[in-house]
Amino acid sequence: MTSDEIRSTLLTCLTDVAPDLADEEIEDDADLRDELDLDSMDILRWVQGIHKALRVEIPEEDYGKIASLNDAIAYVAARI
Amino acid sequence: MTLDISRDHALELLRDMIRIRRLEEKSAELYAKQKIRGFLHLYIGEEAVGVGAMHALREDDNIVATYREHGHALVRGIPAGEIMAEMYGKANGCSGGRGGSMHLFSADRRFYGGHAIVGGGMPIAVGLALADKMKAEPRVTACFFGDGATDEGEFHESLNLAALWKLPVLFLCENNEYAMGTALYRHVSDRNIANNPPAYGVPADSVNGMDVVAVERAVHNESELVRETSQPRFLELKTYRFRAHSMYDAELYRSKEEVEEHKKQDPIDSFQERAMSDELITQTDIDAIEADAAEEIAAAVEFAEQGEWEPAEDITRHTYARDLS
Amino acid sequence: MAEFIMPSLGADMTAGILAKWRVAVGDTVSHGDIIAEVETDKGLIEVEVFESGVVERLLVEEGEKVPVGTALAEIGAESAAESPRKADASHRPRGALAPSPAHRAGSTGPAAAPGSIISAGSSDVDLDGPMASPAVRRRAHELDVPLEGVQGSGEHGRITLDDVQGVAQGGAAPAPSSDRIRISPYARRIATERGVDVSQIRGTGPGGAIQANDVLSARVPEPRKSVPAAERMQRAIAAAMTRANDEIPHYYVEHSIDMGRALAWLRETNASLSVSQRLVSGVLVLRAVAHALRKHKKLNATWQGGEAVPSAGIHVGLAVSLRGGGLVAPALRNTDEGSLSDLMARMTDLVARARAGVLRSSELTSSTITLTSLGERGVESVTPIIFPPQVAIVGCGATLERPWVVEGQVVPRPIMRVTLGADHRVSSGHQGARFLSTLDRLLQDPEKL
Amino acid sequence: MTTYRDAVRTALQTLLREDPRVFFMGEDVGRYGGPYAVSKGLLEEFGEDRVRDTPLCESTFVGAGIGAALGGMRPIVEVMTVNFSLLALDQVVNNAAVMRHMSGGQFEVPIAVRMATGGGKQIAAQHSHSLENWYAHVPGIKVLAPATVQDAHDMLLAAVEDPDPVFVFEHQMLYGIEGPLDIDSTPPSPWKAAIRRDGADVSLIAYGGSVHKALTAAVELEKEGVSAEVVDLRSLRPLDRDTIIGSVSRTHRAVVIDEAWKTGSLASEISAILAEDAFYELDAPVARVCTLEVPIPYAKHLEEAAIPQVDRIVEAAKRTVGDG
């Protein structure tokens, strides 16, 4: 799975959680909580979505490692 | 006794009586065929009253009539077609289809209506005369009513007020001996109706209402006296209706013999006989009048048949001067 | 050839009995002659003929009752030579005298064509709806049986009381409709205009009738379709908050809660749960608030027409801010019941639907108290405004590491500041404070939530 | 300030002076000066021809008025009280009201008929009833009920000017009231109702003598925190539906005050109008304050108990705002 494919999947999971983000230009290094206004519930649902789509489980203590889309791509790529 | 009238006048009187009779006969026929509905009160037998009176009155006089007024309206000059159309309920009727047989009106002919509340037209006649008096118009208001109306309070009130205020009203009582189905002797205490008005200071007289010439003379004399004195007068016209009160009437209240007896004095037949014996008219004249009348009535029916129905959307028209809604 | 018909002698005459013939076939008659006697309701009436000629046939026998307009006899022309009897004359239907053109054209005219009278009596059937008597209609209304669906067993398909009863007992009738709610017409109208669910309002009018004031003080729900227009929602929030601020005498009490034990339990629990079952700290607070309300019922109520009405269940509304700028607070019904994971699932679903704008109207109107949390954004504490007609709201700030004294030692602990805003007409500050300490205690025992 | 009585007289004088077609008749309107002293001095000013004392024959002098109107005059007829006018009802209903329509628009009856109505003077059951609604029931005539001094003047002028028969009902308790009268102002249409007092919570809908009771009730209600609007119907036929509905659309509550008996009254009519055309504006059932269903008794306390009083209006209004 290429980095682009991972990115595309993560983005799909993200817009599932926050449909209103679909129309926005999401910068890959934007902070999801601060800049995209996701809360812990959104993060959890995103994590659940990623688990379902890619079978990658992200434990709670690693939430800090998926603060931006770029971080998350790297995190997931390393665990696929 | 000779008639003492001209040939032309004899023809006029006869023509108008025949016109009324044929109009009424046609009305009965059209009623049976459901072209005419509601109540239909026929004037057959009483033609001499309407014809004599209308010929005596002036064109400018006011007429207030009853619900048995087709004859008065016709002789007064409302065209037979407009009368027939009114009975049909058509828009080209003389009351636009809103009045029917009992409520013929014509402003042009100062014909202030057929009134169907017995006695109800009398105060109106008094008021019309009051208006004329206040405006100093030399006009007489001729108020027709039946013997039944003399039972009503408005009869007595109207005589009193007209006499008190000296108003030019000629009260014309068409006494046909029945208030609908109640014979005169069963509805008034004094069968001599002309006894009543003098109690209010109104001079009263009676005349044979089956004699068109006598009626015309009497009404002429009385109306001119009213005009001269500006005081009301009363004339009783003794007559008889040959037909039922209205169409749906089994006439349980009088005998056939009684009706047949009165028919011997048929105002048309008796006038024809006298006029012929006076050599004023001939059978040819009568035939010509009958033919004209038949033609006139046929044209009237055609006029009514061809008339339009007033659109139901216009039903509120004439309720007020301007529609309120 | 002409017909002599049963005449109409009055609008109320529909038929007559031919009592007597005064003429016989072959007699010559002329216009105006009385040729028959007819028995009517008013008595015997002599009937004249309007034609002249020879009586060719008598169509009705003496004693026979026939409708108005029926041909009684045929009158032929006077000269027999000119009137050969037509073979088909006897087949002419009775009463079929042709109406005149004028009558055909003017069907609205008052005089019906002869012959049409015969059928008039049978046409009083209302073809527009099911035939049923007023009594049947009333019973049907009482039982909520729509008449349209009922098969009538009566004459001509008329629906009978038994038919209605049968449908009602067969369970075919729908549930009673909501028009049983006692509400003034004006109140119903403005409720519809504002999208207020009247079934959620308690009326303060005579006999408990809902009046306009009850509707006006009811909470205006958010529109439920699609992602709501932020502006519209903002206006609605503004209106509700302005009214709340104007009308409700708020008081506030604040309490700092040590979340250490709760978070530790959460971490531990989540570690053993699959991703799909993980809990967030918010659900613990949510459940704790619900459990605390069990003890402090005064805060779980609504203000209706001048008095607090205790709510039957505990339905905590969760304030969910939408990224577009809107705010909704859908209810989690019976927040105090069921397992924590079940509550978590319901909360996840609710938040997802709130974000997607597909909430049900009942979720928007049934909250009995609201919980709002702005801690995620780093806010230390919240001073929330009550959503009318609720009487309390709980606001949570961020959970932050703070110096905390535990058994005489200053230690860093995760502290969350909780604020209760409540309606002073309903509860006192003292009662509010006790609620917060209950909440604190409950969060120290997270496993029991 | 002018009295209601003087306002009517002023209007009569103006009409008699300015229009030779106008004349005035009725029982005791001349020598006696009018049973309510309305026409005092008119006989002296205008003479026997134009100010006519009639015999006691309501049917015929009203009928003569109708006839004179048909004959081109502008008669003003006074009937002493509405109870007596029943003797003339035949002429009103069977002649005045129908003449234009029945004649297909050929004849009109521009008559004005004035009469006193209402109770309050302890003159018992043959002089005190309010039967305006009997008249207001009849198409073809118009019915006015002036409640103020200004209207008493203006409405009589309008009634005489109108081409249709107009009946003016003057509540007998109003003849002595005082109010401003401006005879030069352009009067508002007599066929429109007037808002006599603005209010927000409930509409008190009244006419004639009841308007003053409604205004007093509104003051009482204000003390109790209820803001009442007072609608003076002014014209009873035609009824100004728009103003009635407009007021109730603002207040959402209505109390109708009518000195007639409740059954089949104008109050019933107005309630029906509200149910028909303002149903979705109603926040409380419409209330009616009417005369109890008894002949008006003589004894003061009984008469007062029979006819609408301020306390009954206040009570009804409070009930509609859920406060009674």
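Of all beta bridges DSSP finds with both residues in chain B, what is the antiparallel percent, to the nearest 5?
10 percent
Using a 10 angstrom cutoff on alpha carbons, build the Gaussian network for chain D and name the most mobile of D:GLU269, D:GLU44, D:GLU78.
Among D:GLU269, D:GLU44, D:GLU78, the largest mean-square fluctuation in the Gaussian network model of chain D belongs to D:GLU44.
For the protein assembly as shown, give me the percentage of DSSP beta bridges that are antiparallel, rounded to the nearest 5 percent.
Looking only at bridges with both residues in the protein assembly as shown, the antiparallel portion is about 50 percent.
Which distance in nm do the two modelled labels at B:ASP269 and C:ARG22 give, with both placed 7 Å along the Cα-to-Cβ direction?
In this crude label model, B:ASP269 to C:ARG22 measures out at 1.4 nm.
Among the lysines, which have Cα under 17 Å from the Cα of D:LYS318 when same-chain residues fewer than 8 positions away are ignored?
Straight-distance partners of D:LYS318: D:LYS213, D:LYS223.
Along the charge dipole of segment B:188-304, which of B:TYR253, B:GLN272, B:GLY201 sits closest to the positive end, that is, farthest toward it, with unit charges on the beta carbon of Lys, Arg, Asp and Glu (+1, +1, -1, -1)?
The listed residue farthest towards the positive side: B:GLY201.
May I ask for the distance between the Cα centers of segment B:126-171 and segment D:185-235, given as a whole number of Å?
A separation of 46 Å, based on Cα centres.
DSSP loop GluC sites (Glu not before Pro) in segment B:17-105 with at most 12 other Cβ atoms within 10 Å of their Cβ, which ones?
B:GLU59
Can you check what the net charge comes to around D:GLY208, using other residues whose Cβ is under 12 Å from the Cβ of D:GLY208 (Lys, Arg +1; Asp, Glu -1)?
Around D:GLY208, the surrounding residues sum to -4.
Specify the longest stretch of chain B that does not include any exposed loop site, a site being one of the trypsin sites (Lys or Arg not before Pro) with a non-H, G, I, E, B DSSP assignment and at most 11 other Cβ atoms within 10 Å.
With a cap of 11 other Cβ atoms within 10 Å, the longest stretch comes to B:1-263.
DSSP H helices in chain A with Cα extent of 15 Å or more along the helix axis and mean Kyte-Doolittle hydropathy at least 0.0?
Helices meeting the span and hydropathy rule in chain A are A:3-17, A:40-54.
Rounded to the nearest 10 degrees, what's the angle between the helix D:266-277 long axis and the longest principal axis of chain D, both from Cα atoms, 0 to 90?
So the inclination is approximately 60 degrees.
Note down the nm distance, to one decimal, between modelled labels 7 Å out along Cα→Cβ at B:ARG254 and at C:ARG194.
Taking the two extended label points, one gets 7.8 nm.
Let me know the shape class of the protein assembly as shown, please: from the alpha-carbon gyration tensor, a ≥ b ≥ c as square roots of the eigenvalues, rounded when a/c is under 1.5, otherwise prolate if a/b is greater than b/c, or oblate.
Here the protein assembly as shown falls in the prolate category.
Among the lysines, select those whose C-alpha is under 20 Å from the C-alpha of B:LYS263, and discard any that sit fewer than 8 residues away in the same chain.
B:LYS26, B:LYS238
Taking the Cα atoms only, what angle lies between the long axis of helix D:58-70 and the longest principal axis of chain D, rounded to 10 degrees?
The helix D:58-70 is inclined about 70 degrees to chain D.
In what order do C:SER184, C:SER52, C:SER339 fall by count of nearby beta-carbon atoms within 10 Å, going from fewest to most?
With the sparsest Cβ surroundings first, the list reads C:SER339, C:SER52, C:SER184.
Tell me the angle of helix D:310-320 to the major Cα principal axis of chain D, expressed in degrees between 0 and 90 and rounded to the nearest ten.
Taking Cα atoms only, the helix is inclined about 50 degrees.
Using the alpha-carbon centroid of each, what span in Å lies between segment D:102-170 and segment B:233-280?
47 Å
Roughly how many whole Å is it from the C-alpha centroid of segment C:257-279 to that of segment A:1-57?
Value for the Cα centre distance between the two parts: 23 Å.
In a Gaussian network model over chain B where Cα atoms closer than 10 Å are linked, find which of B:ASP266, B:ASP211, B:ASP151 has the largest mean-square fluctuation.
Result: B:ASP151 has the largest fluctuation of those listed.
Springs between alpha-carbon pairs under 10 angstrom, Gaussian network model over chain B: which of B:MET17, B:MET134, B:MET180 fluctuates most?
Ranking B:MET17, B:MET134, B:MET180 by mean-square fluctuation puts B:MET134 first.
R0 = 51 Å: FRET efficiency of D:ASP277 with D:ASP28, Cβ-based, nearest 0.05?
0.70
Rule-based calculations on the coordinates, nothing more; no lab input. This structure is a prediction, so every number in the text was calculated from the model and none was measured. Note that we place each Cβ from the backbone using ideal geometry, even for glycine, and neighbour counts take in every protein chain shown.
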